[in-house]
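FYI, it's all coordinate maths here, none of it is from the lab. Computed from a predicted structure; not experimentally measured. Cβ atoms come from the backbone with ideal geometry, glycine included; neighbour counts cover every protein chain shown.
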Amino acid sequence: MKAKILLLPGDGIGPEIVSSARRVLECVADKFKHEFVFSEALIGGAAIDAAGHPLPEETVKAAHAADAVLLGAVGGPKWDSAPVRPEAALLAMRKELGLYANIRPAKLFPALRGASSLKDEIVERGIDLVTVRELTGGIYFGERGYRTGATGREAYDTESYSEIEIERVARIAYELAETRRKKVCLVDKANVLTSSKLWRKVVSDIAEDYPSVQLDMMYVDNAAMQLALAPSQFDVLLTSNLFGDILSDLTAAIVGSIGVMPSASLGATSVGMYEAIHGSAPALAGLDKADPIGTILSAAMMLRLSFDLGAEANAVECAVEGALDDGLGTADIGGTLGTRAITDEIIRRI
Ligand code: IPM
Ligand code: MG
């Protein structure tokens, strides 16, 4: 097949890890006889420096013209006081492409058991869960601002969800659960928040469309505790934008390293955006130290979800697992290799 892939390297370690993932995709194209046409555009701090805005119009156009987008990372202390911060570009891109569902798998690789933050007896029961995070609504996009209250200046952010916003992401979670262990756990704060009550209603109302899937509901504080105590109970976690942001970092810690966690952002069109869940790690930038695995596994998700290339995605995932099984990796998972060397090892195994 032929596919157009837009690369958005961004800031910090972004350019190094995107170049690793590109080399992996080139290897896949070569081995499986596909044609991937790569283009590159600016985003984040790099775009502020070059074009004065973190999300230039050309980047949005390029994303609409592509079949899929692979993003490195955005942000860094250099742009902390920029009028529009680099992170705003990421949020705008998600909104612009209508990417309402963020899929964040957290699976424990056997070789990384020692890297998990949890005790052996918890880890031994296995961790294989996916967070389905709503990505274009909630407090990230709600009304916000400053105002003057009775005692002085106040700041506010608003959590607001419509039924349709909840339903479309819930359907993605149910459909995913159907292909897995058939369990969805809705994580919310329905004992306090009105928006969570609507989540419970909408998610239960459509449950009858997925009779093979078991639906559970859990308050977010308890879910955080359960993830630390007994993560093997979870299959698909369905949650709002903010709770998903927080809990997916926790799921990364329990499977070993945020450096190996991929994600896919999907929506109404087939143009998905794929990115590791970690940030731009400015302290590691340019040192050949960053872990490229999160981005490489994100590229594998792109192969499977945007291009329907399951065998190719498996080949990349097996190559990553093979390298890890051989004790290879970057420093974040206790290895000794640099970014380029671990990428070479993965490519050799495809
Ligand atoms: C993530 C990140 C972003 C988010 C930041 C960089 C805006 O933490 O993708 O999890 O909060 O969504
Ligand atoms: Mg986050």
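Each principal axis of the Cα cloud of the range 1-108 was taken in turn, and the coordinate range along them, longest first, works out to 46, 35, 27 Å. The aspartates and glutamates whose alpha-carbon is closer than 16 Å to the alpha-carbon of K107, local same-chain residues fewer than 8 away aside, are D120, E124, D128, D235, D249, E317, E321, D325. Net charge dipole, the range 231-310: roughly 60 debye, given to the nearest 20, about the Cα centre with Cβ charges of +1 for Lys and Arg and -1 for Asp and Glu. Here is the size of the chain from its Cα atoms: Rg then Dmax, 19.9, 67 Å.
Of the peptides 326-337, 293-304, 240-251, the ranking by mean beta-carbon count within 10 Å, highest at the top, reads 293-304, 240-251, 326-337. Taking a straight line from the alpha carbon of K33, these lysines sit under 20 Å away, with near neighbours fewer than eight places off in the same chain left out: K2, K4. Using Cβ point charges alone (K and R +1, D and E -1), the dipole size of the range 150-289 about the Cα centre works out to roughly 260 debye. Residues Y174, Y140, Y146 in ascending order of nearby Cβ atoms (within 10 Å, fewest first): Y146, Y140, Y174. Each of I13, I139, I346 was scored by other Cβ atoms within 10 Å of its Cβ. Listed from fewest to most, they are I139, I346, I13. Each of S116, A155, I103 was placed along the dipole of the chain (beta-carbon charges, centred on the mean Cα), and the one lying farthest toward the positive end is A155.
Per-residue Cβ neighbour counts within 10 Å put S212, S265, S19 in the sequence S212, S19, S265, beginning with the fewest. Counting only Cβ charges, +1 for Lys and Arg and -1 for Asp and Glu, the dipole size of the chain around its Cα centre is about 120 debye.
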